[in-house]
Every structure is written in structure tokens, then in C-alpha cells.
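**Q** Here's a structure for you.
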Amino acid sequence: MRQVDGRFFYDSNEELVDPEHTALVLIDIQNDFCTRGGTFDRSGYDVSLYESMIPRTAGLLAAARRAGALCVFIQNTTLRGHLSDSPAQVRFRVRLSRDPSQPSLQYTEDGSWGQEFVAELSPGEGELVIKKFRSSGFVGTPLDLLLRSNGIETIVICGCTTEGCVESTARDGMFLDYYVVVVPDCVESDTREQHEASLTLMRARFDMLPSPEIRQVWDGAMARRTAS
């Protein structure tokens, strides 16, 4: 721990991502965004960039489960007929569309295959699944309430897209007074330029720990708990 003006705060990696007060937050790792045959793939986005992220994130998820960290799956959701979209949100989806025949990009419709999580990163029994209708996992959802109900102080963020829902959730998490840790090898985008630009911005604002370093902390915590 360190202190500034009498305020104590976590400083070391072991303190920051201690599984006793840490949640692994997996954002939008869903078929429409990450899987060949999903909406983004069919619309001309490069989903191949997610392929290396998924197994690394699966390894981090396994470590979180072993260590007893809270695992939270954020599930982007839209309702048919734009029932979940304001006019401004409709404009946002129109801007995402690359197909002139599709005036608004249709993705993660509630109940669809595209809304489902990729097979390697599906929630386990009893793990939290939170549907969101905007980029940030906090806006219009019970995420903050559920994190605080479980004594969470640190959120470790994985998922997609780096410059979109990941960065939006990280910023809102900081504004709500969570320690925010972004895992740079477990976030991804369909555009390398935007991914790197977002990481550059976030490095100045949030802690960044590669997944092997977090796994080392979590595996160590599990070993100490087992030994005791």
C-alpha cells in the first residue's frame, strides 16, 4: 500500500488484482463481433484479429476461476426494430454499416446466435451475465450494483472492441472509483490503427498488465490458499 495525504491505495500488482476484491470483466466476446459468419465478418470487418486474443483470454478466465475471482460477462444486446435505440444510437449504427444495402448495421439481436458468446468464453453456472444496450458496460445496467454487492474494488477488463466498448467501460469504471486494469493482450479490434491508438490513450490513464502477469498473481493466491 502507498499513501498520499493520508489516502491509502493499492500499489503492487498483488494488491491491485488480488482475487478477493477483483472481477474479470469480459466485454462483448460474441459471435457477431468475433466469429467468422457473424455480422462484422459478413460486413467486411477483419475478425481475424480476434483469433489470437480468444485463447489468451480463455487462459486468463480459467486462472480467474481457479483463484476465485468474480467473473462477469458483458453481453451487447439490441432489440428488433431498433426498440433499444434512440435516434442518436440509430445514427451510430448507420455509421458502422459498410454495406449500402444495409442502412443500419444489425448485430447481437436478443436471442440470436450472433448475440451468444464465443464457445471458448461461455459463462459457467452461476457466473454473472449482464446485457448492455450501449457501449459502456455500466450505462443502463446493474453492473456497478453487482460489483459493489460482491465487494469488488478492481475490474480487470478484456474483450472488444478496444477503442469502443472496452475503452468506454474502462473510463466509466474509473469515474465510479474502481481500480481499472486493462489487459493489452486480451483486448482487440478489427482495425490495428484504432486498437493501437486506444491503447496509447489508455496507458496514460489506467493500469495495464499483460495476462501472464495477472495469471501469476492469481495462481500464487490460489497456491497460498491451498497451502493454508
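**Q** Return the total of residues in the stretch 67-109 being touching a Pro at 6+ places or on another chain (Cβ under 7 Å) and touching a residue at least 24 places away in the same chain (Cβ under 8 Å).
**A** Residues in the stretch 67-109 being touching a Pro at 6+ places or on another chain (Cβ under 7 Å) and touching a residue at least 24 places away in the same chain (Cβ under 8 Å): 5 in total.
**Q** Continuing with this model, one more query. Just the residues that are crowded, with 19+ Cβ neighbours inside 10 Å and in a loop (DSSP other than H, G, I, E, B), please, taken from the stretch 45-61.
**A** Tyr45
**Q** Another question, then. Does Ser149 meet the test of being surrounded by fewer than 16 Cβ atoms within 10 Å (Cβ to Cβ) and not aromatic (Phe, Trp, Tyr)? It would help to see each step written out before you state the result.
**A** Numbers: surrounded by fewer than 16 Cβ atoms within 10 Å (Cβ to Cβ): yes; not aromatic (Phe, Trp, Tyr): yes.
So Ser149 fits the description; yes.
**Q** Within the stretch 153-173, is there a residue that is of a type in the set (Gly, Ala, Ser) and assigned to a loop (DSSP other than H, G, I, E, B)? Before you say what the answer is, go through the steps one by one.
**A** To start, the set of residues in the stretch 153-173 that are of a type in the set (Gly, Ala, Ser) comprises 159, 164, 168, 170, 173.
Next, only the ones that are assigned to a loop (DSSP other than H, G, I, E, B) stay: none.
No.
**Q** Related question: Which of the residues that make up the stretch 122-152 are hydrophobic (A, V, I, L, M, F, W, C) and in a loop (DSSP other than H, G, I, E, B)?
**A** Passing the criteria: Phe133, Phe138, Val139, Ile152.
**Q** Can you tell me which residues in the stretch 4-19 are farther than 25 Å from Cys71 by Cα and surrounded by 23 or more Cβ atoms within 10 Å (Cβ to Cβ)? Explain how you work it out, then say what you get.
**A** Looking only at the stretch 4-19, we keep the residues that are farther than 25 Å from Cys71 by Cα, and these are 4-8.
Result: no residue meets the conditions.
**Q** Which one of these is buried (at least 19 other Cβ atoms within 10 Å of the Cβ), touching a residue at least 60 places away in the same chain (Cβ under 8 Å), touching a helix residue (DSSP H, G or I) at 6+ places or on another chain (Cβ under 6 Å) and not β-branched (Val, Ile, Thr): Ser136, Ser211?
**A** Every option except Ser211 fails the conditions.
**Q** List, please: which pairs have Cβ atoms under 8 Å, are six or more places apart or on different chains, and start with a residue in the stretch 20-44 that is more than 22 Å from Ser211 (Cβ to Cβ) and surrounded by fewer than 24 Cβ atoms within 10 Å (Cβ to Cβ) and end with one that is modelled with pLDDT under 95 and basic (Lys, Arg)?
**A** That search, which allows pairs on different chains as well, returns Ser43/Arg98; Gly44/Arg98.
**Q** A further question on this structure: Does Ser48 count as free of Cβ contacts under 8 Å to residues at least 60 places away in the same chain and under 29 Å from Tyr107 (Cα atoms)?
**A** It is true that Ser48 is free of Cβ contacts under 8 Å to residues at least 60 places away in the same chain and under 29 Å from Tyr107 (Cα atoms).
**Q** Restricting the search to the stretch 21-42, which residues are of a type outside the set (Lys, Arg), over 20 Å from Val181 (Cα atoms) and touching a helix residue (DSSP H, G or I) at 6+ places or on another chain (Cβ under 8 Å)?
**A** Scanning the stretch 21-42 gives Asp32, Phe33, Cys34, Thr35, Gly37, Gly38, Thr39, Phe40, Asp41.
The values are calculated or read from the model by the stated rules, or taken from the named source; none is laboratory data. Being a predicted model, the structure only gives us computed values, none of them experimental. Using ideal geometry, Cβ is built from the backbone for each residue, glycine included, and neighbour counts are taken over all protein chains shown.
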